[in-house]
Structure formats: C-alpha cells, structure tokens
C-alpha cells in the first residue's frame, strides 16, 4: 500500500491544482495553481523512476554497475521544470500587463471576450 | 541538398535565424528584419518540399546524434520518422508562415522586431512536431509551439481583451500539456521507452488494461485540447478574436490540425495493437465526439457576428469533421483527413487574411459595424465568396476530395451517417461566411443583430489605413485561396493519400523500420472511386448554405416563415453563456470532458 | 456561470476523475522497482561511450540533446514573448523625462554585508556548476540560474545602481541569443563531418577530467550562458516596466 503512496500524492496534487484554477478569483493565484499542477507530474515521474537501495546516477566515485535510480526520468523532469518556469514567466507578464491596462486581476471583471 | 541534410535544417535553420534576428533587432530596420524573415520562411518552404519529394515513396528515419538503436530494438536517441503525411503537414506550415510574413510586411504595427523571430520559432516547432518519432520530443515541440503561440496571441497589448484571450489560451493549453506529461510518464512506467515504435512494440497486442487506457485518455485529451474538440474548445474563439490576422492563419490553418495529427500518430503507432479488440467501440466514441464538435461549432458559428470569432467557430466545426476522418480508424479515412487538412488550411488561412484586409481598410471587425462598408472592394468580396464555397466543399476544392474519401470509408464500416454531419457543418459554416459577405460587401438587407462579442477588438493591427489594399496584403490572400483549389486538381491525389495513410497505419512494419533498420515497403496505390455522390452532397450543401444566407439577409422582405433564421443568428443562450470568457469555466469543462470520456473508455474499452 | 455552478461542475468532474486515476494507477509497478530497458541501458553505457560520469547530463546534452535544444528555445521564445508584451507603447518613450528608480535601498547592515559576500561566492559557484556539467550534478541550466540570481542578491544588498548596470548591459542580449543560436550551430557543425545533427564530434578526453565528454561540456556552458543572459534580459524588461508604471503614475 505504501508503495503506491507517491502515486496517490501525484493524483491528489493534480486534482487540487485543477480545483485551484477553477475556483480562483485572482489571475496570479491561477498561475501559481498551474505551477502546483505541474509539480504533480514531477512527483509521478520521480516515483516511477525510483529504485530502493539505488543511489544517484553519478559514477564519479562508484563503479559502473552499482544500482542507481533511473536517470532518464530526472532528465525529463529537468526539461519539465524549465518549461514550467518559462510558461509561468510569460503568464505572469500577461497578468502584469492586464493589471496595467484594465486595472484588475480578477477574472470575473476581465471578461470582455465572451459568447 | 541531400535528404539527410535537409531534415534537421528544416527545424534548425529557422531557429538559428530567429536567434540572429533577436540579437540584432535593435540595430536593423523594420524592412531588413521582414526581408530576412521572409527569406527564411521561403527557404523552409523549399526544404519542406525537398523532403516531401524525398519521402514520397518511402519514409525515412533520421537518428539525431548518430544514436542508432541498439540490437534488441532499444532506442537510446531521438529519431525523426519522416513520412509523406508529416512532410505534407510541414509544407503546409511553411507555406502558411510565408504567407503570413508577407502579409505583415511594413504595414503591421511596430513590435520592435520581435514578431518575426517568434513566427520563425513557431514554424520550426510545427515542422519538428510533424516529423518526430519520439513521445517526449513530440511534447517538447508541442510546448515550443504553444509558448510562441501564447506570445503571438497577446501581441496587441494596448487593450485588455488580447491579454484575456492569450491568458485563457495559455491556461487551458498548459493544463492539457501537463496531462500529456502524465500520460507519457505512465507509458514509460509500463514499457520503459519513449520512442513510438519501441513503446508500440512493447505494448504489442496484449489487451489494454487500466493503466494503458488511462495513459491513452490523458494523452488523447491533452492533444485534443490543442485540436479544439468540444468540450476542450473554449479557448479557440477567444484566442482568434484578438490575435493578429497572420497569426490566426497559423492557428486555424495548421496548429489545430497538428493536435489531431498527434492523436492519429500516437494511436496508430502505440495503441492500435492493444486496442485492436475494441476498435469498433473506440470508433463510435470518437465519431460521437466528432459529431458533437461539428454541430456545436456550426451552431455557434452562425450565431457569431465578430468575423474572426465566426471563422474560429467554423474551424472548430471543421476540426470535428477532421476528427471523424481519424476516428473512423481506416487508412482511407486517414487519407481523406490529410487532403482535408491541406485544403481547409489554405482556404481558412485565406479567409482570415481577407478579414484582416477588412480590418485594415475600415478599422472594424463586427458584421453589424461593417454593414455596407465593403462596397467597392470587389476582389476581396470575391475571395470571401470563393472561400465560403471552399468551406462547403464543392467541386473544384480539395475539401470535396477529402470529404468523399471519409464518407466512403464511413460506408465501409457501417457509419455512413457521418456524411450528414459533414453536410450540417458545411451548410452552417459556409452560410455564415456568405451571410457576412452579403451584408458587408453588398450592403443587402438590414444590419446584423448586435451582440457584445462583435464590439471587441476594434483596434487596428496596422499602422495606417490606405484607400487601396496593398499588394503585400492581397497577394498572399489570393494565393492561399487559389492553393485550396489547386490541391483539388493534383492528379491521383486520393490514391496517393490513401497509400501514404496505409504506410502510416502499418505499425508493425513501422516498428521494424525504426528499430531493426528494415527496408520500407512501397506504398500501395489504392483505386479511386467516383466522386458523384460527394459532388451531389456538396452541391446540395452549397445551395442550402446560399439559401440560408440569403434567407437571413432578406428575412424581413421575404416570408415571415424565415424568422427561424433570426433565432439561429441569436444563437442558443445557454450555449453562448457557456462561452463565458472565464478561464475557470473552461478548465471545469475540460475536467468534465475528461471524466466523461474516461468513463466511456473504462466502460467500453476495458 | 456563477462561481457556485462552476464549483459544482468541477466536483462532478472530480467524482469521475478520482476513481479513474485510482483505477489506472493501481496497475503501475510498485514504487522502488522501475522496469524498462531505457534507464538500465543508459547507465551501463554512458560512462564508456561518452566518458561522462554524470549520466543525467549525458542524457540531456547528448543522447537526448535534441530535446534540450527545443527546451532552450522554449526559454528563448518565452523571453521574446515577455519583451514583446512589455514593449513601450507608441508615444510613451519619445522625449519624456526618465523616471528613476532610487539609487539605494535602505537595508540593514547585516543584509548588506551578507549579500555582498554572497554575490562573489555565487558567481564562482555558478561558474563551477556550469563548467562541471558532465562530471557532477548540475550543468548549464542550474549554473545559469545561480549566476542569474547574482544581480538580485546585489539588489538585496541595497545597491540598486549596480543592479541596473548589470541588467542593462548590452552583453546580456548577446549572451541570450548567442547561447540559443550557438547550441543549434554546434549541432549543425557536427554535420560538416558527415554525421547527423548534434553528434558529439569533439575529442572525448579522459573520464573525470574537466575537459572531457566532447560537446557535452561545450553545450553545458552554452546553455549556462543562454540561461544567464535570458534571465538578465527578463529582469531588465521587468525593471523597464516598473519605471514606465511609475512614469504613468506620476502623470
């Protein structure tokens, strides 16, 4: 049962992030909830690649052949982190500009496009 | 130029030139930057054509970094699997980008020379997306495409509406992207691979269990969000309403279609074996989604009076038709999908550029505002009318060929009712464009009913208005619409497309080519069936669209029986209220859609 | 839709999604026992084939280097996007008096001395991390981010003028664009020898040396340069935006 705790955490955080975006009343809060949503994918990826008794995949002072955790999911996660950081930067700049032009960061008040 | 040089340069060259343009943006003038960007896009068109010619008869596998797969079929590197379908989509991408860049020559508003590099990066990302053969590489190019799209969408920063549109676009698409990552993680957990062929071979033909189904659900929903399938479509209208016209061309012309291409590619290379036992049920689920999309898109299209939102909803409707092409799960339908994408992309691109010409000349974009203003712009009116009939899929257009292949494939799997969905979508979308043309360019009838959305985005995207449409704006528009006709005239197109689709769907042979260096099999040319029933259907659709448009325009003068057109134009209030502009609403619908489709998968496909 | 309707709709969706996730995740291999050939294969061969001891970076910059090229351009495109969004609008920047940010912040002595000490250490640390990408955990992205935090540390130490000078330096643009374009050019250079794009064509050296693993080290440094330049350009445009807001606030 405990073996699956990390996967359950990943699903839990994913759903909470979605809940945050849906019920948010502030655009900055929505962007942060998006970042939280992303962390659920990190948890899932790293949990998938874990090996009990494995060490870090750096062979500087251990011989090749020692059990190590999966390096590939760590590489995928690095790419993911950069992607998330850049998307958040772009979204936050949109929010800053929206505040400057419209004077509000509440999505309810910013609903100009509709129908 | 050999093929192995052309393939990486198709993606790397625009990236390098974009970096260069961004570096010297401060010191070179507007004209130099535009010229360099146009030259880069033109080079890309040539490269994409060279590649298409090279892979016409057999696909080519290109391994980056010389990392060929290990014996036993373990792929450690990333490969590009270039076949005719992907290469054709790349040619479409490059052509639309070239048209957009020529259109924005000199007249377009000042962006400190940052617009051109972003367009080049967008183009490179879409080309890479069409070629790749690796799951995570597909995701990386998906994100690159999305980030450039978000930035380009929010270009006009002086009004709050573009920022709202770009923000909604970004939130919904990024949620979809994270679903894709989860799906990739789940597939990796099961198979330990990221290459399409290796994952497909590892899943093999063992029946899909809950994990594989969940992975398929997550990945399909993520890519369908990009493809604007109902109920993941809400972002599209907002984004199109505020993005500049050349960017709208790329969104509707190829970005949305690439989402569908990804679903098809992933299904055929990875899941076609495990889901083979439930192919019929999956087909029904996908066709149901496609019909819902076509109907909702068509109804909302007719109810819109903001020209760009109208065209955006017509894209959603046609995306439903293209999903039907994929959802039929046969090579013939997939060939029809390819032809439909190519001709729809160019026609829709031409229509968006024409709407941009109207915005440039009159600084207005609402159908009620523009009533009668277009009198005298006969060439642009002609383009609108031709484009509308292209959407209806009548005789000289490529859309007719696509529709005929999809309908024939539907008949062969006892789903021939899908042809009626085609007629419905064609009538409403073509009718809406014709109605707008009659009101704007001929000034017939009463002005359109006002709705709130048509007031949005009345700011010009060009710096100065002129009395005549500049050639740099008109020529790409006309060229795109004519291309939509020219595609229909290519000889043996249907047979070739079906042959290319046959190669696309052959997953075991694909796996052998990628992992074992097997020789590719030549595509078999399929016999072409006569077009008569399609011609009849599309002519009926075209005539009905014309009648609907004329009925709406002249409803006061003609019989009161035509008052139903007024309610069609006002639209269903519940449906319109659902498109509320609030990103939380959109994500809620997205979650509900995912839960519903997931429930169907669990019930029918397990 | 009202807020309550939206929440209700979402909770209905969760009632479907949560069981779906539970049902699907049940079939995952239990945590701690990853299967699959990809990870095992790479850990066996990476050290021998590329003389790199950090397998994660060997994957990032060599085996799956093309992904990292795309990722780098995602960073580049989003910074271009921020520059595009924050561009000065029309008549704002013609002949206006420059609003200033203050020259110095009033900070406590502890903060000032601490941050000044940290700034120097962080520069060295960031360079060390970026240069040792193929040997130890770290690499271009991580080192670049550390280096990009240095101006913020300088700002926190109260010295706003130096912060402005660092981020407004024209070399930052060169670093960003040169880093991004440079990665693609390194990949293209590999093709001169007839190999495929992004092949590792430099001599591999001795495992464990600073100059080993061929292009992995070079790409790591290039990425570090781009990330540093990119974040500095980002800071500059945010600073410009703050100045503009103050200008508008004063009117």
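The values are calculated or read from the model by the stated rules, or taken from the named source; none is laboratory data. What you are looking at is a predicted structure, and each value in this text was computed from that prediction instead of being measured. Note: ideal-geometry Cβ built from the backbone for every residue, glycine included; neighbour counts use all protein chains shown.
Values as computed for the structure displayed
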read-out	value
Members of region B:135-178 found to be facing chain C (nearest Cβ under 8 Å) and outside any helix (DSSP H, G or I), listed by number	B:154, B:155, B:157, B:158
Leading residue by the ranking (surrounded by the fewest Cβ atoms within 10 Å (Cβ to Cβ)) among those in region B:103-127 that are within 12 Å of another protein chain (Cβ to nearest Cβ) and touching a strand residue (DSSP E or B) at 6+ places or on another chain (Cβ under 8 Å)	B:109
Evaluation of residue B:575 against (1) over 25 Å from the mean Cα position of the chain (by Cα); (2) part of a helix (DSSP H, G or I) (one fails), failing number	(1)
Scan of region B:483-513 for residues that are in a loop (DSSP other than H, G, I, E, B) and either without any contact (Cβ under 8 Å) to a residue 12 or more places away in the chain or more than 30 Å from residue B:66 (Cβ to Cβ) (or both), ordered by number	B:489, B:490, B:491, B:492
Every pair of residues 6+ apart whose Cβ atoms lie under 8 Å, when the first sits in region A:59-75 and is facing chain C (nearest Cβ under 9 Å) and in contact (Cβ under 8 Å) with a residue 40 or more places away in the chain while the second is in a loop (DSSP other than H, G, I, E, B) and surrounded by 22 or more Cβ atoms within 10 Å (Cβ to Cβ)	none
Scope region C:9-45; condition more than 21 Å from residue B:185 (Cβ to Cβ) and more than 9 Å from chain B (Cβ to nearest Cβ); matching residues	C:11, C:44
Residue pairs meeting the criteria (Cβ under 6 Å; at least 6 apart or on separate chains; first free of Cβ contacts under 8 Å to residues at least 24 places away in the same chain, in region B:1-20; second buried (at least 20 other Cβ atoms within 10 Å of the Cβ))	B:16/C:181; B:16/C:184
Helices (runs of 4 or more DSSP H) enclosed by region B:232-326 - at least 2 residues per element that are more than 14 Å from every other protein chain (Cβ to nearest Cβ)	B:245-250, B:256-266, B:279-302
Helices (runs of 4 or more DSSP H) contained entirely in region C:1-116, each with at least 2 residues that are at pLDDT 85 or above and more than 33 Å from the chain's Cα centre (by Cα)	C:3-25
Index of the failed condition, residue C:225 passing every other in (1) out of contact with any strand residue (DSSP E or B) (no Cβ under 8 Å at 6 or more places or on another chain); (2) in contact (Cβ under 8 Å) with a residue 12 or more places away in the chain; (3) surrounded by fewer than 21 Cβ atoms within 10 Å (Cβ to Cβ)	(3)
Residue in region A:76-83 that is surrounded by fewer than 24 Cβ atoms within 10 Å (Cβ to Cβ) and touching a strand residue (DSSP E or B) at 6+ places or on another chain (Cβ under 9 Å) present	no
Residues of region C:174-195 satisfying the condition of being free of Cβ contacts under 8 Å to residues at least 24 places away in the same chain and surrounded by fewer than 22 Cβ atoms within 10 Å (Cβ to Cβ)	C:185, C:188, C:189, C:191, C:192, C:193, C:194, C:195
Residues of region B:60-92 that turn out to be away from chain C (no Cβ under 14 Å) and farther than 16 Å from residue B:8 by Cβ, as a count	7
Filtered residues of region A:25-53 (kept if more than 10 Å from chain C (Cβ to nearest Cβ) and not in a helix (DSSP H, G or I))	A:26
Criterion: under 20 Å from the mean Cα position of the chain (by Cα), farther than 24 Å from residue B:576 by Cβ, modelled with pLDDT of 85 or more and in a helix (DSSP H, G or I) - qualifying residue of B:475, B:480	B:480
Test for residue A:43: is it touching a helix residue (DSSP H, G or I) at 6+ places or on another chain (Cβ under 6 Å), at pLDDT 90 or above and farther than 26 Å from residue B:157 by Cα	yes
All positions within region C:179-204 that are facing another protein chain (nearest Cβ under 7 Å) and part of a helix (DSSP H, G or I)	C:180, C:181, C:184, C:185, C:187, C:188, C:191
Pairs, first within 11 Å of another protein chain (Cβ to nearest Cβ) and surrounded by 22 or more Cβ atoms within 10 Å (Cβ to Cβ) in region B:436-464, second at pLDDT below 70 and part of a loop (DSSP other than H, G, I, E, B), C-beta under 7 Å, six or more apart	B:453/A:113; B:453/A:114; B:453/A:115; B:456/A:113
Scan of region B:18-41 for residues that are away from chain C (no Cβ under 14 Å) and in a helix (DSSP H, G or I), ordered by number	B:31, B:32, B:34, B:35, B:38, B:39, B:41
Verdict on residue C:234 being part of a helix (DSSP H, G or I) and surrounded by fewer than 20 Cβ atoms within 10 Å (Cβ to Cβ)	no
Given (1) under 20 Å from residue B:25 (Cα atoms); (2) within 15 Å of the chain's Cα centre (by Cα), index of the condition residue C:145 fails	(1)
Enumeration of residues in region A:13-24 that are facing chain C (nearest Cβ under 9 Å) and surrounded by fewer than 23 Cβ atoms within 10 Å (Cβ to Cβ)	A:15, A:19, A:23
Conditions (1) at negative phi; (2) touching a residue at least 60 places away in the same chain (Cβ under 8 Å); (3) touching a helix residue (DSSP H, G or I) at 6+ places or on another chain (Cβ under 9 Å): number failed by residue C:243	(3)
Any hit, region A:88-98, residues being within 8 Å of chain C (Cβ to nearest Cβ), without any contact (Cβ under 8 Å) to a residue 60 or more places away in the chain and within 16 Å of residue B:144 (Cβ to Cβ)	yes
Conditions (1) surrounded by fewer than 24 Cβ atoms within 10 Å (Cβ to Cβ); (2) touching a residue at least 40 places away in the same chain (Cβ under 8 Å); (3) part of a helix (DSSP H, G or I): number failed by residue B:329	(3)
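Let's see how each residue does on (1) within 14 Å of chain C (Cβ to nearest Cβ); (2) at pLDDT 85 or above; (3) out of contact with any helix residue (DSSP H, G or I) (no Cβ under 9 Å at 6 or more places or on another chain); (4) not in a helix (DSSP H, G or I):
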position: B:515; (1), (2), (3), (4): yes, no, no, no
position: B:525; (1), (2), (3), (4): no, no, no, yes
position: B:529; (1), (2), (3), (4): no, no, no, yes
position: B:537; (1), (2), (3), (4): no, yes, no, no
position: B:541; (1), (2), (3), (4): no, yes, no, no
position: B:545; (1), (2), (3), (4): no, yes, no, no
position: B:555; (1), (2), (3), (4): no, no, no, yes
position: B:566; (1), (2), (3), (4): no, no, no, no
position: B:602; (1), (2), (3), (4): yes, yes, no, no
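Residue-wise test of (1) buried (at least 23 other Cβ atoms within 10 Å of the Cβ); (2) closer than 28 Å to residue B:306 by Cα.
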| position | (1), (2) |
| --- | --- |
| B:170 | yes, yes |
| B:185 | yes, no |
| B:210 | no, no |
| B:234 | yes, yes |
